[in-house]
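J.: Just passing along the structure, written as structure tokens.
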Amino acid sequence: MASRSYRPITEQRARVLRKMMTPAERHLWYDYLRGCPWKFQRQKPIGLYVADFICYDAHLIIELDGDSHSGDEAYLHDERRTKYLNEQGFRVLRFTNRDVHAHFDSVCAFIEQAVKNPNIEGRVGSDSFKMDGE
């Protein structure tokens, strides 16, 4: 069962993050998620973490990873975070900021597939969005 519990300090952090979205987060939110048929919310606290985007009905979290998510230590942190979110009943999709900007339509189509198919989750890389001629 997906939990909505969190610590008050995490809610404060979520408010700040909603006001300071990255360009990739703004693009995905304003140009797709905010108006899509499934109800997504942005920067929502889950335990000690703040999910970039969450759809409670589909038990789906979307995380956008920028340069700060590269390297072994960041990768391990993301894995711990994903494991925790999975334990709370959520699937997690991870895209890079670069993928949102370079392959926006494909990212949106992938999200739509994930909402409809409860077996889709994981780290989604640029290779998933290669088109003929790219």
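The values are calculated or read from the model by the stated rules, or taken from the named source; none is laboratory data. Worth saying up front: this structure is predicted, and the values here are computed from it rather than measured. Reconstructed Cβ throughout: ideal geometry from the backbone, glycine too, with neighbour counts over all protein chains shown. In case anyone asks, the SASA skips ligands and DNA or RNA and just uses the protein heavy atoms, side chains included. Shrake-Rupley method; radii C 1.70, N 1.55, O 1.52, S 1.80 Å.
J.: When the residues of segment 80-126 are narrowed to those that are part of a helix (DSSP H, G or I) and of a type in the set (F, W, Y), which ends up least open to solvent (accessible area, probe 1.4 Å)?
T.: Looking at residues that are part of a helix (DSSP H, G or I) and of a type in the set (F, W, Y), I get F104.
J.: Considering only residues that are of a type outside the set (A, V, I, L, M), open to solvent by less than 100 Å² (accessible area, probe 1.4 Å) and modelled with pLDDT under 60, which ones fall in segment 1-17?
T.: If the condition is that a residue be of a type outside the set (A, V, I, L, M), open to solvent by less than 100 Å² (accessible area, probe 1.4 Å) and modelled with pLDDT under 60, then S3, S5 are the ones that fit.
J.: Moving to a separate point now. Check segment 34-51 and report whether any residue there is surrounded by 19 or more Cβ atoms within 10 Å (Cβ to Cβ), outside any helix (DSSP H, G or I), in contact with a helix residue (DSSP H, G or I) (Cβ under 7 Å, 6 or more places away or on another chain) and at pLDDT 95 or above.
T.: yes
J.: Say whether the condition of being within 15 Å of A24 (Cβ to Cβ), in contact with a Gly (Cβ under 9 Å, 6 or more places away or on another chain) and either at pLDDT 95 or above or of a type in the set (A, V, I, L, M) (or both) is met by at least one residue in segment 85-101.
T.: yes
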